[in-house]
Amino acid sequence: MSTHAKRERLLLADLLEAAGPGAPTLCEGWKTRDLAAHVVVRERRLDAAGGIMIGALKGRLDRVQGEFTAKPYEELIQLIRTGPPKFSPYSLKQVDEGANAVEFFVHAEDVRRAQPDWSPREVDPVFAESLWRRLEKAARLMGRKAPVGLVLRRPDGQTVVAHRGTPVVTVTGEPGELTMFASGRQDAAKVEVDGDAEASAKAIEATLGM
């Protein structure tokens, strides 16, 4: 596994273990047990994971995820730590980095930021650049349902357009915070939102993410 994906995987496993199976997360309706089951199913049950993106397969996904949710919590944590089986495409280094580094970063923050005593996390500059590069590629997809124009802006002035339209709302923050905002965690992202009041409220309440 690649450095960023492996680090975020292990951090997520540690956070889930420390929180216990019944802790809240930023994922609506999910406790930590549900989130752990989702992570395991996504990379170990490809026959069901398609339901994450394809509505017609959601019934199968729900059944399989229910089965994994019923497993001992400690077993789920260990499956996350050990990573995908060799037959999974996620076991390939490039696939792991491309598909899991951001996924695990967001889910680790889903656990951290749902706790009342959370504080901003330092993201190392190399990983921050990696998060930004992925935002540049995925922003239009993540922002496709925004009801207003949406621009993501780094403090150094670099921008990416997540959705074209008017009025325009500009969201400024570090790459990790912009990743959380664009992933649908607007309320938990440490960002500045600039635009008229009504448009800004719509951006904060919009359905964003993959």
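Looking at Thr179, is it among the β-branched types (Val, Ile, Thr) and surrounded by fewer than 17 Cβ atoms within 10 Å (Cβ to Cβ)? Break it down stepwise before answering.
Details: among the β-branched types (Val, Ile, Thr): yes; surrounded by fewer than 17 Cβ atoms within 10 Å (Cβ to Cβ): no.
When the stated conditions are applied, Thr179 does not pass them.
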Next item on the list: Exactly one condition in (1) over 13 Å from Val40 (Cα atoms); (2) assigned by TED's automatic domain parsing to the domain that holds Glu17; (3) not in a helix (DSSP H, G or I) is not met by Pro85; state its number.
Entry: (1)
Check: Taking interchain pairs and intrachain pairs at least six residues apart, which have beta carbon atoms under 7 angstrom, with the first residue in the range 124-138 and within 9 Å of Thr179 (Cβ to Cβ) and the second surrounded by fewer than 18 Cβ atoms within 10 Å (Cβ to Cβ)?
Finding: Trp132/Arg154
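Which is at pLDDT 95 or above and over 14 Å from the mean Cα position of the chain (by Cα), of Glu177, Glu136? Show your work before the answer.
Values: Glu177 fails: over 14 Å from the mean Cα position of the chain (by Cα).
Result: Glu136 is the single residue among Glu177, Glu136 that is at pLDDT 95 or above and over 14 Å from the mean Cα position of the chain (by Cα).
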Checklist line | Tabulated pairs, the range 184-208, first of a type in the set (Ser, Thr, Tyr), second at pLDDT 95 or above, C-beta under 7 angstrom, 6+ apart or interchain | finding: Ser200/Val169; Ser200/Val193; Thr207/Lys145; Thr207/Gly184
Notebook entry, point to check: Among the residues of the range 6-49 satisfying the criterion of being aliphatic (A, V, I, L, M) and surrounded by fewer than 18 Cβ atoms within 10 Å (Cβ to Cβ), which is nearest to Ala108 (Cα to Cα)?
Noted result: Leu10
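It is to be established whether one or more residues within the range 162-174 are within 16 Å of the chain's Cα centre (by Cα), of a type in the set (A, V, I, L, M) and either surrounded by 19 or more Cβ atoms within 10 Å (Cβ to Cβ) or farther than 19 Å from Glu192 by Cα (or both). Before the answer, list the steps.
First pass over the range 162-174, keeping only residues within 16 Å of the chain's Cα centre (by Cα): 174.
Adding the requirement that they be of a type in the set (A, V, I, L, M) leaves none.
No.
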Check: Of the numbered conditions (1) at pLDDT below 95; (2) assigned to a loop (DSSP other than H, G, I, E, B); (3) out of contact with any Lys or Arg (no Cβ under 6 Å at 6 or more places or on another chain), Gly98 satisfies every one except a single condition; which is it?
Finding: (2)
Margin query: Please go through the range 11-29 and give me each residue that is in contact (Cβ under 8 Å) with a residue 12 or more places away in the chain and assigned to a helix (DSSP H, G or I), ordered by number.
Written below: Leu11, Leu12, Ala13, Leu15, Leu16, Glu17, Ala19
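The values are calculated or read from the model by the stated rules, or taken from the named source; none is laboratory data. Computed from a predicted model, the values in this text were never measured in an experiment. Here Cβ is always computed from backbone atoms with ideal geometry, including for glycine, and neighbour counts include all displayed protein chains.
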